[in-house]
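S.K.: Structure below; questions to follow.
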Amino acid sequence: MALIDTNDLKARLCEIPGYMDDDNVTLIPLREVQNVVDMTPKVEAVPVKYGRWKSVKAKGGPLYPFWDVRCSICGYTTSMAPRGWDFCPHCGAVMEGK
C-alpha cells in the first residue's frame, strides 16, 4: 500500500488546465487526473502492529519484589515501560493497554 501527500496532490491538480461546464463547474479530463496521481510522490506504508505490555516477574529471586513488562508481539522485556512507553522500542508495536 502506498500513501500520497494530499496537499501535494491538490496543488498538482490545481495546475491542470480545465474547462467550465454549463453549471460553471470546473471539469478536468480523467486522463489528466490519472497522470497527476501517477506522478505524485508516494510513500510505502507499513501496517501498524498492536500489542500489550504483559507483567513478568523480574529476575532476582523471591526477595526481589519488582516486575518487568514484556511486549506481547516480540517478547522484548524491560522495566522502563510502566513509566509511560506507549510503543515497543524493539518492534514498534503500539501498546493498546497497560
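S.K.: Within the stretch 47-76, take every residue that is in contact with a helix residue (DSSP H, G or I) (Cβ under 9 Å, 6 or more places away or on another chain) and within 14 Å of VAL94 (Cβ to Cβ) and give me the one that is modelled with the lowest pLDDT.
M.R.: Checking each candidate, the answer is TRP53.
One line per residue, one yes/no per condition, for (1) exposed (fewer than 13 other Cβ atoms within 10 Å of the Cβ); (2) in contact (Cβ under 8 Å) with a residue 12 or more places away in the chain; (3) assigned to a strand (DSSP E or B):
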{"site": "LYS10", "(1), (2), (3)": "yes, no, no"}
{"site": "LEU13", "(1), (2), (3)": "no, yes, no"}
{"site": "ILE16", "(1), (2), (3)": "no, yes, no"}
{"site": "VAL33", "(1), (2), (3)": "no, yes, no"}
{"site": "VAL43", "(1), (2), (3)": "yes, yes, yes"}
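S.K.: OK, next. When you check ASP23 against the structure, is it more than 30 Å from PHE87 (Cα to Cα) and either surrounded by 10 or more Cβ atoms within 10 Å (Cβ to Cβ) or at pLDDT below 80 (or both), yes or no?
M.R.: Details: more than 30 Å from PHE87 (Cα to Cα): yes; either surrounded by 10 or more Cβ atoms within 10 Å (Cβ to Cβ) or at pLDDT below 80 (or both): yes.
Criteria met by ASP23.
The values are calculated or read from the model by the stated rules, or taken from the named source; none is laboratory data. What you see is a predicted model; the values in this text were computed from it and never measured. Here the Cβ is made from the backbone with ideal geometry for all residues, glycine too, and neighbour counts use every protein chain on show.
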